[in-house]
Structure formats: C-alpha cells, structure tokens
1. Seen from all sides and averaged, what is the projected area of the convex hull of the Cα atoms in the chain, in nm²?
2. If I take every Cα pair under 8 Å that is 6 or more residues apart in the range 2-103, average their sequence separation and divide by the length, what percent do I get for the relative contact order?
3. What residue among Thr33, Thr75, Ala4 has its Cα farthest toward the positive end of the dipole of the chain, where the charges are +1 on Lys, Arg and -1 on Asp, Glu, each on the Cβ?
4. Go ahead and set up a Gaussian network model of the chain, Cα springs under 10 Å, then flag whichever of Asp21, Asp59, Asp93 fluctuates most.
5. Using the Cα centre as the reference, give the magnitude of the dipole from point charges on the C-beta atoms of the range 2-103 (Lys, Arg: +1; Asp, Glu: -1; all else neutral), rounded to the nearest 20 debye.
6. Residues with amide H under 5 Å of Ala56's amide H, sequence separation 5 or more or different chain, H placed in the peptide plane at 1.01 Å from N; which?
Amino acid sequence: MELADGVGLGLMVEADFVYDDAAGNYETELVATAAVGFELTETVGAYAELIGSTGADGDSPDVAILGLGATYAVTSNLQFDAGTNIGLSRDADDIGLFSGVTLRF
C-alpha cells in the first residue's frame, strides 16, 4: 500500500511446512514481515524490513531480522536488488549479504 508519494508499505504473513531431519516429520514455521520502501529515483529504491519467524510447535527458536537493501529497475519487468540481513535475536544469523534478480513474465 502507498503511504505517501514514493513511500510504500508491504505486510506479509505465511506458514511454511519444513521437514525436520532429526524428528523425521514436518513442522510448521510461521513467518511475518513488514517492509517500508522508498522510491529514490524512477529506477532506484531502498527499503527496510523487519522479519520474524517462530515454530508453531514451540520447539523452534524465535528469530528476528532487520533487512536493509536497494533495488534497481532496469525495465518494468526486470529488477536487481542487493542488501544485508542483520540478526536481532540470539538465534538469528549475525549478518548475511544477498543479491538477486526479479524477472516478471
């Protein structure tokens, strides 16, 4: 949703069914994100995102992550992105770098 000119908000909640090798069964993991994106130019953007996940069974650790990144739209159907994820909780990875490409067809 658009919050203001050039500023957007994205919210997501999902349930994942993840196979646990040790237990030999599937467990449910709940994930929620909230992201604020900023259009810096017509092709360049930046965003900040909070990510949280927890196991529905109570055995999985709670994980909190702050994501910061930038996007570059080559065309309306092709976008590159790069950023970092910073662990905010004890069970999250301390830091992770990423890059990606999105192609809409």
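What follows is calculated from the coordinates using simple rules that are stated; it is not laboratory data. Because the structure is a prediction, the values reported are computed rather than measured. A quick note on method: Cβ atoms are made from the backbone with ideal geometry, for glycine too, and the neighbour counts reach across all protein chains shown.
1. 8.2 nm²
2. 17 percent.
3. Farthest towards the positive pole: Thr75.
4. Asp21
5. 380 debye
6. So Ala56 has HN proximity to Thr28, Glu29, Leu30.
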